[in-house]
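In what follows, a single structure is set out as structure tokens and then discussed.
The values are calculated or read from the model by the stated rules, or taken from the named source; none is laboratory data. Here the structure is a predicted model, which means the values were calculated and not measured. All Cβ positions, even for glycine, are placed from backbone atoms using ideal geometry, and neighbour counts span all protein chains on display.
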Amino acid sequence: MKHYKFVSNSESDTKNFAKKLASKLNTGDIIVLTGELGSGKTKFTEGFLSYFGLENEISSPTFTIVNEYIKDNTNIYHFDVYRLEDSSEFYEIGGEEYFENGICLIEWGELIEDALPKNYIHIIFKKDNQNDNIRILNIDVPDCYYSDKSLFY
Ligand SMILES: Nc1ncnc2c1ncn2[C@@H]1O[C@H](COP(=O)(O)OP(=O)(O)O)[C@@H](O)[C@H]1O
Ligand SMILES: [Mg+2]
């Protein structure tokens, strides 16, 4: 496991960071986004999708649990599992079937941790007490994600 820290000074910082990361990921990769309401999880996802030219199409999955996007041969699945009671509800919607069929971004994924594969990128967003535009991103990356590519350069 490797640990990274990124200090974002603006919404666009967060989006650019996500866009760069998107260029390095492939089908089967999973990102869990953890952090309180308003900490930037959905903005990160917008930036991620913009790498695939999907920037105008994002809508919050709060009421649908998952939104599906497709660009060329890549599926991108954006989850917000906040409203799920527990991971059994995730199984009921066929959640695990998404993992191998695309890139998954899962807001509040820690709530269904026992339904997740063991290897995923975990990004924990923290707001700053002093400055409304600052977010601290703490990132855990399992070994299998950086063996053959450098994720943040
Ligand atoms: N550095 C930053 N990164 C991301 N969003 C920021 C930042 N600074 C301020 N914001 C604002 O915080 C809010 C984040 O909202 P959102 O991404 O929907 O949060 P979440 O999905 O975690 O609830 C947006 O209104 C955005 O403009
Ligand atoms: Mg959100």
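Worth pointing out:
- Residue within the stretch 70-83 that is more than 16 Å from ligand 2 (Cβ to nearest atom), modelled with pLDDT under 95, of a type outside the set (S, T, N, Q) and more than 16 Å from Cys104 (Cβ to Cβ) present: yes
- Residue selected from the stretch 112-153 under the condition of a type in the set (D, E, K, R) and under 24 Å from Asn67 (Cα atoms), by the criterion farthest from the chain's Cα centre (by Cα): Asp114
- The stretch 38-50 residues that are more than 18 Å from Glu110 (Cα to Cα), paired with ones that are of a type in the set (Ser, Thr, Tyr) and more than 8 Å from ligand 2 (Cβ to nearest atom) (beta carbon under 8 Å, 6 or more apart): Lys43/Thr14; Gly47/Thr14; Leu49/Tyr69
- Of all the numbered requirements in (1) away from ligand 2 (no atom under 13 Å from the Cβ); (2) surrounded by 14 or more Cβ atoms within 10 Å (Cβ to Cβ); (3) under 12 Å from Ile76 (Cβ atoms), Asn26 misses one, and that requirement is (2).
- Note on the stretch 29-52: residues that are away from ligand 2 (no atom under 16 Å from the Cβ) and β-branched (Val, Ile, Thr) amount to 1.
- In this structure, Phe79 qualifies as among the hydrophobic types (A, V, I, L, M, F, W, C), within 16 Å of ligand 1 (Cβ to nearest atom), touching a residue at least 24 places away in the same chain (Cβ under 8 Å) and touching a Pro at 6+ places or on another chain (Cβ under 7 Å).
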